[in-house]
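Asker: Take a look at the following structure, please.
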């Protein structure tokens, strides 16, 4: 990358910092579980060495380091501003096992050492060709033999249409001086085109698909996605070929449900199985055309490991995994063990119809335990107790159900137990890094987020922000209620009942107790309470 382009990109990210937060699909625990699902053993996250390319302010890396004090994490980014922000957050959290560096990705060499996991989210498409090649080189040369790399990028054919939108935005917004001006003029261009495009034109159809994204996205996203100097999508098969040339093999997608052709119906499945001749890459390239895909999140491994990858799921491996899921009936009623169909909504609002008592029992256990994970062994034992059916019968039905839900994408998986609380305890506890997050203070602004045990960013209410610093396992529900009442008396919180502030001491105490119970319930469901 030329010095001038490096300077341009650095300035862009310093001026418009990218929102730095966790990306659950890139969580190291998720990558380990996916590798295992498809036949490979990957290093344990608890002691892994992790490198993130383009780490911004560390929002995706710091929570990993907080969850795994015996692991080590290194992040690099061009932006001095963002790395400084991340360094301050690391110092505040007191994490000795993570460092962020201002560094050009293209300059990384063997001296950086070997890493068990390399994560590169939201970088590959947004840098020029030589840096793209450097990313794949690093994923090959700096990856341990059993390691896993994750790279996300924009893809065709979906980005063919979006390039029309990007080109139009750059035409009018590109010459402006400040990011705010660029975006304002670019939005104006799209509004003009939307009003003026012929109803039957390709442009009109393109704008109909793009404008909801433009109107619903944050300014930083639009500036980086549509107005940044570089944005070079590619076809999936091209990316796979580039990785192959660097000694890397395609393992899977970070959202594996997109890989299974049976999820697209019989009319798609049978022709593609005949056409693609067993090539997973060609199969997925065809599917990208079918759904007009715009974005991919690819896991790569050393080429020598390709022969061990298995896309037919192995029940023996599934049996040793941890699972989590939600199941809400369409009528919002309880799941019953009667032998009648009950349509449910699962994770990502997927529709699942449960028919057999064992299926409903498994769903009950998962729903009740969520966000805590449950092993297949415990699911089978619990379902047997709930239904009264013998273990061998339950095992057959439960294992078939788990495989179907995995293919559909209706379960979350891990190799080891997720230490989220399955119930609210008398002395509730949250991770120290969450309790001490600087953004929790009520004076820090109206909005705040925390990273949960599933590596997801979750929003926090003012009430939750007030309670979290005290969730150290030493404060009872009564002590938490008294803390809330004191905050109200100090006028830092307000409790409103019947449209009037609560001031009566007895009413205030009772209301505070109710609010503690509700807040702890929600914090548990958000996977912020630890087991």
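Just so it is clear, none of the values below were taken in a lab; they were calculated from the coordinates. Note that the coordinates shown come from a computational prediction; the quantities given were computed from them, not determined experimentally. Cβ coordinates were reconstructed from backbone atoms using ideal geometry, including for glycine residues, and neighbour counts include every protein chain displayed.
Asker: Tell me, what is the Rg over Rh of segment 158-226, with Rh the Kirkwood radius over Cα pairs?
Answerer: 0.95
Asker: If you don't mind, another one. May I ask what percent, to the nearest 5, of DSSP beta bridges between residues of the chain are antiparallel?
Answerer: 60 percent
Asker: Whole angstrom only: what separates the Cα centroid of segment 209-255 from the Cα centroid of segment 466-498?
Answerer: Spelled out, the Cα-based centre of one part sits 44 Å from the other.
Asker: Same structure again: When a footprinting reagent is the concern and you count Cβ atoms within 10 Å, what order do 29, 510 take, fewest first?
Answerer: With the fewest neighbours first, 29, 510 line up as 510, 29.
Asker: Among (1) 28.6; (2) 24.6; (3) 26.3, only one was calculated for this model; which label is it, if the read-out is mean projected area of the Cα convex hull in nm²?
Answerer: Calculated mean projected area of the Cα convex hull in nm²: the matching label is (1).
Asker: How far apart, in nm, are the 7 Å Cα→Cβ label points at residue 201 and residue 44?
Answerer: 6.1 nm
Asker: Which order do the peptides 379-392, 71-84 come out in when sorted by mean C-beta neighbours inside 10 angstrom, highest first?
Answerer: 71-84, 379-392
Asker: Taking the Cβ of each residue in 185, 153, 220 as the centre, tally the other Cβ atoms inside 10 Å and list the residues starting with the fewest. If you can, show how the numbers build up before the last one.
Answerer: Working: 185 17, 153 23, 220 14.
The order, fewest Cβ neighbours first, is 220, 185, 153.
Asker: Same structure, new question: What ranking of 302, 204, 500 emerges when the number of other C-beta atoms within 10 Å of each C-beta is taken as an exposure proxy, fewest first? List each step's numbers first, then the result.
Answerer: Details: 302 18, 204 14, 500 8.
So the ranking, lowest neighbour count to highest, is 500, 204, 302.
Asker: At a threshold of 8 angstrom on Cα-Cα distance, excluding pairs fewer than six apart, so keeping six or more, what relative contact order does segment 320-390 reach in percent?
Answerer: The normalised contact order for segment 320-390 reaches 37 percent.
Asker: Compute the length gained on full extension between residue 263 and residue 509: take 0.36 nm times their separation in residues and subtract their Cα-Cα distance, giving the result in nm to one decimal.
Answerer: 83.3 nm
Asker: I need the shape label for segment 284-325. Rule: rounded when a/c is under 1.5, else prolate if a/b > b/c, else oblate, with a, b, c from the alpha carbon gyration tensor.
Answerer: Cα axes put segment 284-325 in the oblate bin.
Asker: Which order do the peptides 37-43, 248-254 take when ranked by the mean count of other beta-carbon atoms within 10 Å per residue, highest first?
Answerer: Details: 37-43: 20.0, 248-254: 21.9.
Put in order of decreasing packing, that is 248-254, 37-43.
Asker: Sorted by packing (mean other beta-carbon atoms within 10 Å per residue), highest first, where do 53-62, 330-339 land?
Answerer: Highest to lowest by the protection proxy: 53-62, 330-339.
Asker: Compute the whole-percent fraction of alpha carbon pairs in segment 277-407 spaced more than 17 Å apart.
Answerer: 65 percent
Asker: Any chance you could run the full-extension gain for residue 275 through residue 176? It's 0.36 nm times the residue separation minus the Cα-Cα distance, nm to one decimal. Mind dumping the intermediate values first?
Answerer: Working: separation 99, 0.36 × 99 = 35.64 nm, distance 4.91 nm.
Net length gain for the segment: 30.7 nm.
Asker: While we're looking at this one, here's another question. Given a cut-off of under 8 Å on Cα pairs at least six residues apart, what relative contact order in percent is computed for the chain?
Answerer: On the way: 913 pairs, mean separation 71.1, N = 531.
13 percent.
Asker: May I ask you to derive the relative contact order of segment 366-505, considering only C-alpha pairs under 8 Å and at least 6 residues apart, and to give it as an integer percent?
Answerer: 19 percent
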